[in-house]
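The values are calculated or read from the model by the stated rules, or taken from the named source; none is laboratory data. Given the structure is predicted, the values throughout are model-derived calculations rather than measurements. Cβ placement follows ideal geometry from the backbone for every residue including glycine, while neighbour counts extend to all protein chains displayed. Heads up: the accessible areas ignore ligands, DNA and RNA and are worked out on the full protein's heavy atoms, side chains in. Shrake-Rupley method; radii C 1.70, N 1.55, O 1.52, S 1.80 Å.
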Amino acid sequence: ALVGLPGAGKSTIARALEDHLRLRRICRDAIRAAMFPRCSYSFLEKRAAFRGVVQALEINCMLGIPSVLDGMTFSARDDYDRIAETVAAFDFTLMPLWVDCPPERARARVQDDLAANRHLALDRTPERVDEVRRRAVPPPDGAVRIDAELPASAMCREAVRLVAARLQAGSAG
């Protein structure tokens with residue numbers, strides 16, 4: 001599960017994990033867009049999309065397929081705890097990757113994404129970064145830190161290395 005501010009680089013890392021480790025990427029933003037083509041980004045739409053994430057995760061767990069969760073900041077601990085409960089029920093281990101990004105860098109990245117029309121979530125704005133930051137809780141215990149000040153390619157390499165090592169350790173044990 002990728003944890004961090006909007007604009008931290010979570011989606012970039014999620015795609016790298018999907019591509020390099022063949023993890024199934026579950027993206028709340030894509031689920032929300034599919035469920036609500038004329039999305040108003042309401043609380044109810046967000047909750048419905050989260051339920052879709054949980055269902056997709058449950059199915060992947062039933063199939064024994066590791067997943068990477070994208071499109072969520074996990075600024076509210078309840079959502080993270082729900083994901084942890086879901087994977088634990090199937091004897092999977094949740095690995096939180098905390099993409100540690102200074103707010104000013106996150107705001108700049110979001111602004112760049114808006115200018116280039118590069119993100120599914122149309123509610124992503126520089127102001128949203130501040131909103132998420134105000135209500136964010138500390139990263140979950142055991143979160144592995146990814147330095148978002150690194151270039152995107154270096155962040156992705158580090159995430160792939162860390163997750164590959166965890167997957168290898170899990171298959172050995």
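Filtering the stretch 137-149 down to residues that are of a type in the set (A, V, I, L, M) and in a strand (DSSP E or B), which residue is surrounded by the most Cβ atoms within 10 Å (Cβ to Cβ)? Within the stretch 137-149, the match that is surrounded by the most Cβ atoms within 10 Å (Cβ to Cβ) is Ile146. None of Phe50, Phe36, Phe74 is open to solvent by 40 Å² or more (accessible area, probe 1.4 Å) and aromatic (Phe, Trp, Tyr) except Phe36.
Contact map, the stretch 111-136: first residue open to solvent by 80 Å² or more (accessible area, probe 1.4 Å), second residue among the aromatic types (Phe, Trp, Tyr) and modelled with pLDDT under 90, Cβ cut-off under 8 Å, separation 6 or more or different chains; pairs are Leu122/Tyr41. Any residue at all in the stretch 97-108 that's open to solvent by less than 70 Å² (accessible area, probe 1.4 Å) and over 19 Å from Ser11 (Cβ atoms)? No, there is no match, as no residue in the stretch 97-108 is open to solvent by less than 70 Å² (accessible area, probe 1.4 Å) and over 19 Å from Ser11 (Cβ atoms).
Among the residues of this structure, Ala8 counts as one that is assigned to a loop (DSSP other than H, G, I, E, B), touching a Cys at 6+ places or on another chain (Cβ under 9 Å) and buried (at least 23 other Cβ atoms within 10 Å of the Cβ). When residues in the stretch 1-49 are screened for being of a type in the set (Asp, Glu) and over 26 Å from Arg157 (Cα atoms), 1 of them pass.
Scanning the stretch 81-96 for residues that are closer than 21 Å to Gly170 by Cα and either in contact with a helix residue (DSSP H, G or I) (Cβ under 8 Å, 6 or more places away or on another chain) or open to solvent by less than 20 Å² (accessible area, probe 1.4 Å) (or both) yields a count of 10.
Whether any residue in the stretch 46-60 is free of Cβ contacts under 8 Å to residues at least 24 places away in the same chain, more than 26 Å from Ala89 (Cβ to Cβ) and either assigned to a loop (DSSP other than H, G, I, E, B) or among the small types (Gly, Ala, Ser) (or both) is what I want to check.
no
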